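Down below is the structure, laid out as structure tokens.
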Amino acid sequence: VQDMRIRVSRPVVTSIIEQLAANALDHAMADGRVLEISMGCPEGGGPNEGGFWFADNGRGMDQATLARIGEPFHTTARGKGQAGLGTYLVRTLVEQRLRGSFSYRSEPGHGSTWTIGLPKDETDVLR
């Protein structure tokens with residue numbers, strides 16, 4: 001495992017993690033599931049990229065839902081008071097504030113994994 005240093009704004013990264021956790025809690029816990037969340041650092045990132053992944057063991061998403069992930073105001077829980085801005089906010093923070101990359105994968109019954117790629121050693125993302 002190669003050591004790396006990533007310098008980013010703590011409030012921005014905190015907001016990203018909070019939004020991902022809130023989405024997992026709000027959307028993934030069908031059928032009385034006990035939610036498990038895990039995080040880690042991806043292996044095999046490019047020489048100028050670090051980051052982290054965030055995964056849950058929730059109910060997962062079908063292809064129709066995945067196709068709309070990140071659209072502002074899209075939610076599968078509108079009747080439960082959700083505005084549909086969580087994933088949109090995460091994508092915006094990662095791509096615009098941190099100049100990073102954002103990807104996800106999910107399958108019904110198998111949870112979701114979100115991967116956040118961040119530029120390594122870029123001090124000007126500390127805003």
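The values are calculated or read from the model by the stated rules, or taken from the named source; none is laboratory data. From a predicted model like this one, the values you see are computed outputs, not experimental measurements. With ideal geometry, Cβ positions are generated from the backbone for all residues, glycine too; neighbour counts draw on all protein chains shown.
Within the range 42-56, take every residue that is modelled with pLDDT of 75 or more and within 14 Å of the chain's Cα centre (by Cα) and give me the one that is surrounded by the most Cβ atoms within 10 Å (Cβ to Cβ). Ranking the candidates gives 56 first.
Every test in (1) modelled with pLDDT of 80 or more; (2) over 20 Å from residue 108 (Cα atoms); (3) assigned to a loop (DSSP other than H, G, I, E, B) is passed by residue 90 save one, and that test is (3). Evaluate the range 12-34: report whether one residue or more is modelled with pLDDT of 80 or more, loosely packed, with under 12 Cβ neighbours inside 10 Å and not in a helix (DSSP H, G or I). Checking the range 12-34: not a single residue is modelled with pLDDT of 80 or more, loosely packed, with under 12 Cβ neighbours inside 10 Å and not in a helix (DSSP H, G or I).
Scanning the range 93-117 for residues that are closer than 24 Å to residue 33 by Cβ and assigned to a loop (DSSP other than H, G, I, E, B) gives 107, 108, 109, 110, 111.
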